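Before any comments, here is the structure.
Bear in mind that the values in this text are calculations on the coordinates, not laboratory data. Small disclaimer: the values here were computed from a predicted structure and weren't measured. Neighbour counts run over all protein chains shown; Cβ positions are idealised from the backbone, glycine included.
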Amino acid sequence: MSAAPRVSPTQLFTPDEWAPFQTRSTWRGPLLVAHAWGVIAAAMAVGVVWPILIPLCVMVIGTRQLGLAILMHEAAHGALAKNLKLNDFLGHWLCAVPIGADLGDYRPYHLNHHRYAQNAEDPDLVLSAPFPVTPASLRRKIIRDLTGQTFFKQRVLFAFRAYASKRDEDTAEGAVVTGKSVAPFLIVNALMLLGLTLAGVWWAYFALWLLPLATWFPLVTRLRNIAEHACVEGSATDPFRAARTTRASWWERMLIAPYWVNFHAEHHLFMHVPCWKLADLHRAVRSKPQGERMEVAGGYLEVLRTASGKAG
């Protein structure tokens, strides 16, 4: 098996330069979890009071559902809380289970992705290998996401083992992140439905939780996957090019890329650095000569042009 190449912090930084990136916070991770749920609750309230804004609320909530997956990812690296029991509790019950994931299943899967990034043994290679694709193919993928077809494949078809053996870009990470925690997912979602029913707005569960989960969440998850690894030349052999970092504007952070997920090249270089330090790590790495080798896109539209063969 071919493990992905690695770089040591000592190859880039002095001990004093590296020290700020080694610390864990007691409160930042839990506050991010609270922030994600706070944004979801606020967007649901806005949609209930002003139904005309439901399309925007669906996008905001779907992005925070991705945010929960990102914070589960932090927990998989032990970076969500200093206390590992709290780290795993928050990462599993407040981040993973509500979107149908399982931290215990995700952690070994994801660590194998880091170990073999962009090599043949990488379990996520199927997400990036097909790209670039034609614009028509990319449109079909986006339509599948926004019409709930991807959600159906991950939630229903993946339950059948015969289909699970035919994994594609719709059912690779999605199958592990959103397809293996059925009973806890159903229980938590039933409690959400019950709570909203008791509040007199039962329909909000379907319009402002399930609809985002079935449409916008799969779309932004796909955009995240494309941006992170697709069409990065030398990604299997150069640790500085194992992934792509995408500069994100305020609206992209709100509707596509929450919680610094766009700094993926830095995450692959030093995977134990917490997500809230990745922007500082980006500046630190880019200040070094080796950092010039990193793949940095100007935004998600630029990434989509590259992924659909329109770059140039």
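Using amide H atoms built in the peptide plane, which far-off residues or other-chain residues are under 5 Å from residue 244 H to H?
229, 265
Tell me, 186, 32, 12 in order of fewest to most beta-carbon neighbours within 10 Å?
186, 12, 32
What's the ranking of 54-65, 102-113 by average number of surrounding C-beta atoms within 10 Å, highest first?
54-65, 102-113
Taking a spot 7 Å from the Cα of residue 293 along the direction of its beta carbon, which residues of the range 92-115 have an amide N less than 19 Å from it?
Of the residues in the range 92-115, 114-115 have backbone N under 19 Å from the label point off residue 293.
Rounded to the nearest 500, what is the 222 nm mean residue ellipticity of the chain from helices alone, with -39500 (n - 2.57) per DSSP H run of 4+ residues and division by all residues?
-15500 deg cm²/dmol, from helical runs alone.
Percent of Cα-Cα pairs per 10 Å bin, from 0 to the last occupied bin, for the range 82-142, please list those.
20, 30, 33, 15, 3
Could I get the Rg over Rh figure for the range 9-307? Both from C-alpha atoms, Rh via Kirkwood, rounded to two places.
Here Rg/Rh amounts to 0.96.
Return the FRET efficiency for the residue pair residue 147, residue 279: r is the Cβ-Cβ distance, R0 is 30 Å, and the value is rounded to the nearest 0.05.
On the way: r = 35 Å, r/R0 = 1.15.
The value I calculate is 0.30.
Please arrange 82, 141 by counting, for each residue, the other beta carbons lying within 10 Å of its beta carbon, fewest first.
By the 10 Å Cβ count, ascending: 82, 141.
For a test of understanding, tell me how many lysine pairs in the range 9-307 have Cα atoms under 27 Å apart, given they are 8 or more places apart or on different chains.
Number of lysine pairs found: 11.
Name all residues of the range 228-270 having a backbone nitrogen under 12 Å from the label point set 7 Å from the Cα of residue 302 along its Cα→Cβ direction, giving them as ranges.
245-249
Sort 49, 182 by Cβ crowding within 10 Å, fewest neighbours at the top.
49, 182
Between residue 27 and residue 121, what is the label-point separation in nm under the 7 Å Cα-to-beta-carbon projection?
For the pair residue 121/residue 27, the computed spacing is 4.3 nm.
If you line up the Cα atoms of the range 1-129 on their principal axes, what length do they span on each, largest first, in Å?
54, 38, 27
With only Lys, Arg, Asp and Glu charged, each at its Cβ (+1 for the first two, -1 for the last two), find how big the charge dipole of the range 9-307 is about the Cα centre; round to the nearest 20 debye.
380
Calculate, in whole percent, how much of the Cα-Cα pair population of the range 203-299 lies beyond 16 Å. Present the calculation step by step, with values, prior to reporting the outcome.
Numbers: 2701 of 4656 pairs.
Of all Cα-Cα pairs in the range 203-299, 58 percent lie more than 16 Å apart.
Quote the FRET efficiency, to the nearest 0.05, computed for residue 134 versus residue 52 with a Förster distance R0 of 35 Å and r equal to the Cβ-Cβ distance. Provide the component values of the computation, followed by the final result.
Working: r = 36 Å, r/R0 = 1.03.
So, using R0 = 35 Å, E works out to roughly 0.45.
Any idea which of 73, 130, 108 is furthest toward the positive side of the dipole for the chain, if Lys and Arg beta-carbons carry +1 and Asp and Glu beta-carbons -1?
130
Charges on Cβ only, +1 for Lys and Arg, -1 for Asp and Glu, centred on the Cα centroid of the range 9-307; of 27, 56, 227, which one is farthest towards the dipole's positive end?
56
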